[in-house]
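First comes the structure, then the notes that go with it.
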Amino acid sequence: MANKRKCVECNAPLKRDEVALSIKILGLNVTNFYCIACLAEIIDCDQDDLTIKIQEFKEQGCTMFL
Ligand SMILES: [Zn+2]
C-alpha cells in the first residue's frame, strides 16, 4: 500500500480517502487522481458535498475507504 499518489491538478499528496473518492466518482479505470478541492471543481460541486460523500461511503462499509 505504498502507493503515494498526487493530485494531477495541484500536485498535493493525496490521502487514501481522496484516492478512493476519485475512483468512486470517476470510475475504476481512472488514472488521474484529484484532491477534494480539484475534484470539486471538475465535477462542479462543493468540497463539503465530497466530504459528506466520503462519510457516506465509509458508512456503507465501502472497503476502499477502510
Ligand atoms: Zn488538487
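Of the residues LYS24, LYS6, LYS53, LYS15, the single one that is more than 10 Å from the ligand (Cβ to nearest atom) and in contact with a Phe, Trp or Tyr (Cβ under 9 Å, 6 or more places away or on another chain) is LYS24. Within the stretch 27-50, being more than 10 Å from the ligand (Cβ to nearest atom), surrounded by 12 or more Cβ atoms within 10 Å (Cβ to Cβ) and closer than 16 Å to ARG5 by Cβ holds for VAL30, ASN32.
We did not get these values from a lab; they are worked out from the coordinates using the rules stated. These figures come from a predicted structure and were not determined experimentally. Backbone-built Cβ (ideal geometry, glycine too); neighbour counts: all protein chains shown.
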